[in-house]
Amino acid sequence: MSRPFEGPPLRARLAWLRRRWWVPVTTTLIVATFAVQLTDAPTSSFYRAEALLVVRPSNTNAVTAGTYAELIPQDSAVLGAVAKSLKTTPERVGARISALSPLGTSLLTVRYVDDDPVVAVRGARAVAEAISAATPASPTILPGAIVVARLPKAAGRVTTGRSGILPVGLLLGLCLGAVIVAAWERSNPRIDDAGSLGAETGCPVTPLEGLSVLSAAALLDRWRSLCGSLPARIALIPVRPNLEAMVGDLARALASAAKLEGGDVVVADGSTQRFGKSRFALMPDGPSDRNGSRRLTLVPGGVPGGAAAGESLALESQLTILIVMEETTAANVRSAMTLLGQFGVTPAWTMLVRRRRGRLVTHRELREHAAVEAIVNPMVKASAARDPA
């Protein structure tokens, strides 16, 4: 029977990931690659040491810490003193020294960078000593105006360039992929669970997976009551052509489940070209109808509007059941409903077939996972042998 909708299961919620996983992966790789290639600065690594000083305000010293931060990296006297201490050139020192001061404070931080951490520490110490000595290296710095608060003991490693842009590229690529997948799924929604199928068709839905023999027999009893008068024919109409072969197996499985429960259900072949009652002949491997009553006949059909003319079979039947495989597009379901509606046929029920490992459920899997699990009669064995997994 139709099961109450308790919200889509986790497998259905993640169906989009199973279908479109390659989209975010591709966009992430592409965006990350472009981010790395378009970065001008190559990846580099160096060491930086910092010394912290304090600028003491006085009546004779109106120069702020911000002024010293701008002055020190350009003062030739300071650069010369540091270069002499490090035994290098003032130009090299000028390219590796920097100073900064937080706005509104008297704190002054001087930095020195080098490929060697020891040289970086020595450089930062040399700058601090040059500007805070009793006699500063530059005449622009008043004696005692700058006091050392902290000298560096070790240099920290700094990495710049592509390594910083790569995480950004990965994040942007992932977000772009998510947007594309969301737009794709919205523009072309698919049937992933019984809830979405019921919302699309407006009729009861029975998932085939997990359907027991008792449930299958009860389902057929419900269909029998919907037919009204007996004998009656029930057309099983697939939405997609690749389901047509499977519908015959489904009809035989349901009929066999009904037979175990004492039901009077047979399977007929609706694929012949003769119309009228003679068109529906008993399938040779279907359950036998010893009494000849044929009270309820299941007739596997084809896709509406296709070569098998499923709409013709639906017109000649008292009840129409729509067979839909998960991941079928909602557009395909609507198309089938529209084609049947043009002939005045409205499906009374839908059955949802689960896709397994990228292919349709075979009759052997029906025996293992659905209604015919307990059926071991020769008919089922012969059908499974003809359609091996």
Residue in the range 318-371 that is modelled with the lowest pLDDT, counting only those that are open to solvent by less than 20 Å² (accessible area, probe 1.4 Å) and part of a loop (DSSP other than H, G, I, E, B): Ala370
Of the conditions (1) under 17 Å from Val147 (Cα atoms); (2) at pLDDT below 90, Leu53 satisfies every one except a single condition; which number is it? (2)
Quick one: how many residues across the range 34-50 are open to solvent by less than 80 Å² (accessible area, probe 1.4 Å), over 30 Å from Val119 (Cβ atoms) and modelled with pLDDT of 80 or more? 0
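Okay, residues lined up against (1) out of contact with any strand residue (DSSP E or B) (no Cβ under 7 Å at 6 or more places or on another chain); (2) closer than 29 Å to Asp114 by Cβ; (3) surrounded by 14 or more Cβ atoms within 10 Å (Cβ to Cβ); (4) not aromatic (Phe, Trp, Tyr):
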residue: Pro152; (1), (2), (3), (4): no, yes, yes, yes
residue: Arg186; (1), (2), (3), (4): yes, no, no, yes
residue: Ile191; (1), (2), (3), (4): no, no, yes, yes
residue: Ala216; (1), (2), (3), (4): yes, no, yes, yes
If you scan the range 154-184, which residues turn out to be open to solvent by less than 60 Å² (accessible area, probe 1.4 Å), under 17 Å from the mean Cα position of the chain (by Cα) and free of Cβ contacts under 8 Å to residues at least 40 places away in the same chain? Ala182, Ala183
Assess whether Thr109 counts as being more than 24 Å from Arg157 (Cα to Cα), open to solvent by less than 70 Å² (accessible area, probe 1.4 Å) and under 52 Å from the mean Cα position of the chain (by Cα). no
Does Arg186 satisfy the condition of being among the basic types (Lys, Arg) and in contact with a Ser or Thr (Cβ under 9 Å, 6 or more places away or on another chain)? no
Would you check which residues across the range 82-127 are more than 22 Å from Thr67 (Cα to Cα) and of a type in the set (Val, Ile, Thr) and list them? Thr88, Thr89, Val118, Val119, Val121
Scan the range 224-246 and tell me whether some residue there is closer than 30 Å to Thr329 by Cα, hydrophobic (A, V, I, L, M, F, W, C), surrounded by fewer than 21 Cβ atoms within 10 Å (Cβ to Cβ) and modelled with pLDDT of 85 or more. yes
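Can you find even one residue in the range 6-21 that is assigned to a loop (DSSP other than H, G, I, E, B) and modelled with pLDDT of 70 or more?
yes
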With criteria (1) surrounded by fewer than 22 Cβ atoms within 10 Å (Cβ to Cβ); (2) in a helix (DSSP H, G or I), Ala124 comes up short on (1)
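The values are calculated or read from the model by the stated rules, or taken from the named source; none is laboratory data. Worth saying up front: this structure is predicted, and the values here are computed from it rather than measured. When we count neighbours, we look across all protein chains shown, and the Cβ atoms used for this are built from the backbone with ideal geometry, even at glycine. Side chains are part of the model used for accessible areas, which takes the heavy atoms of the whole protein and leaves out ligands, DNA and RNA. Shrake-Rupley method; radii C 1.70, N 1.55, O 1.52, S 1.80 Å.
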